[in-house]
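Read-outs: derived from the displayed coordinates by stated rules, not from any lab. In this text, all values refer to a predicted model and were calculated from it rather than measured experimentally. Heads up, the Cβs are rebuilt from the backbone with ideal geometry, glycines too, and the neighbour counts pull from every protein chain shown.
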Ligand code: CAA
């Protein structure tokens with residue numbers, strides 16, 4: 001039977017590509033997205049996927065809320081099957097220079113990007129350990145490594161992922177469960193296109209490859225890390241950023 005793979009932020013730019021890559025790999029992809037989304041947006045997404053011949057269930061939740069994550073994972077496990085692959089992809093930006101950053105901008109990013117990792121992983125971790133197989137993939141960012149002016153909130157959450165991964169990977173290494181992250185560079189999604197045009201042009205000029213990345217270029221790395229024979233890779237981060245050298 002196909003392993004169930006849950007992707008948070010599943011109907012967004014990166015999430016959609018991830019669901020598709022997981023299906024190509026033979027997984028049963030399930031998208032989890034924000035319960036505050038307009039129902040029309042979810043319906044349109046599902047209709048678009050159907051038109052492509054894909055049937056991807058969508059479940060709505062609030063990843064900042066532990067109870068909501070517990071409820072949605074329970075529902076998915078009852079209706080689709082045990083969650084064996086979790087991609088913590090949900091994330092937001094609330095960019096502002098630090099002197100202008102509000103407590104609301106700080107809180108929203110910390111809760112959506114970081115609390116979500118605990119809230120979702122906690123629901124699936126024990127099942128993975130008990131079954132002796134699991135893949136947890138957290139989506140970080142190049143800006144968690146190098147920092148970015150205007151993103152002290154976002155970069156803090158993305159850097160936190162590396163510590164989380166290494167710690168949890170050490171706890172479950174012998175249990176067949178791997179915990180890794182991917183650090184995308186600037187990918188052509190709505191999030192990046194929302195950057196002011198003049199600022200974005202300057203950023204793209206610093207990327208050696210000279211273009212924004214494609215969502216599918218991140219999705220293929222998700223498929224790689226979640227593969228059945230990827231069990232030797234754990235506590236790692238893979239950077240996929242077009243050659244932005246920062247180390
Ligand atoms: N480094 C150093 N200084 C910078 C800078 C940089 N990269 N960018 C801007 N500044 C300076 C400006 O020169 C300006 O200085 P002066 O006041 O002396 O002229 C000052 O900072 C203010 O800059 P802005 O005019 O841009 O300020 P703003 O308040 O209008 O906008 C901002 C601030 C919204 C943060 C805007 O600069 C911005 O959007 N920056 C890009 C942030 C970014 O890269 N976000 C990534 C989003 S995509 C993503 O997050 C996905 C991923 O994982 C990669």
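With respect to the chain, whose longest principal axis is taken over its alpha-carbon atoms, helix 116-131 is tilted by about 30°.
Using Cβ counts within 10 Å as a stand-in for footprinting exposure, how do 162, 186 rank, fewest first?
Values: 162 18, 186 22.
Neighbour counts put them in this order, fewest first: 162, 186.
What does the helix-only formula give at 222 nm for the chain: each DSSP H stretch with n ≥ 4 adding -39500 (n - 2.57), the total divided by the residues, and the result rounded to the nearest 500 deg cm²/dmol? -14000 deg cm²/dmol, from helical runs alone.
Please work out the Cα center distance from the range 172-247 to the range 16-95, rounded to the nearest Å. So the two Cα centres are separated by 20 Å.
When the alpha carbon gyration tensor of the chain is reduced to an equivalent ellipsoid, its three semi-axes come out at 27, 20, 19 angstrom, largest first. In this simple spin-label approximation, residue 75 and residue 211 carry label points 7 Å from Cα along the Cα→Cβ vector, and these lie 3.9 nm apart.
If you run the Gaussian network model on the chain, springs between alpha carbon atoms under 10 Å, then out of 58, 80, 109 the most flexible one is 80. Summarising the label geometry, the points placed 7 Å from Cα in the beta-carbon direction at residue 175 and residue 233 lie 2.2 nm from one another.
In the chain, the longest principal axis of the Cα atoms and the axis of helix 66-79 are about 40 degrees apart.
Of 61, 194, 90, the residue with the greatest mean-square motion in the GNM of the chain, using alpha carbon springs below 10 Å, is 194.
Helix 152-172 and the longest principal axis of the Cα set of the chain meet at an angle near 30°.
When the Gaussian network model of the chain links Cα atoms closer than 10 Å, the mean-square fluctuations of 136, 56, 117 top out at 56.
Using the number of other C-beta atoms within 10 angstrom as an exposure proxy, rank 172, 19, 69 with the fewest first. The partial results should precede the final answer.
Values: 172 17, 19 27, 69 24.
Lowest to highest Cβ neighbour count: 172, 69, 19.
Estimated at 0.36 nm per residue, the fully extended path between residue 202 and residue 100 surpasses their Cα-Cα distance by 34.6 nm. Based on the Kirkwood approach, the hydrodynamic radius assigned to the range 1-63 is 11.6 Å, with every pair of different Cα atoms included.
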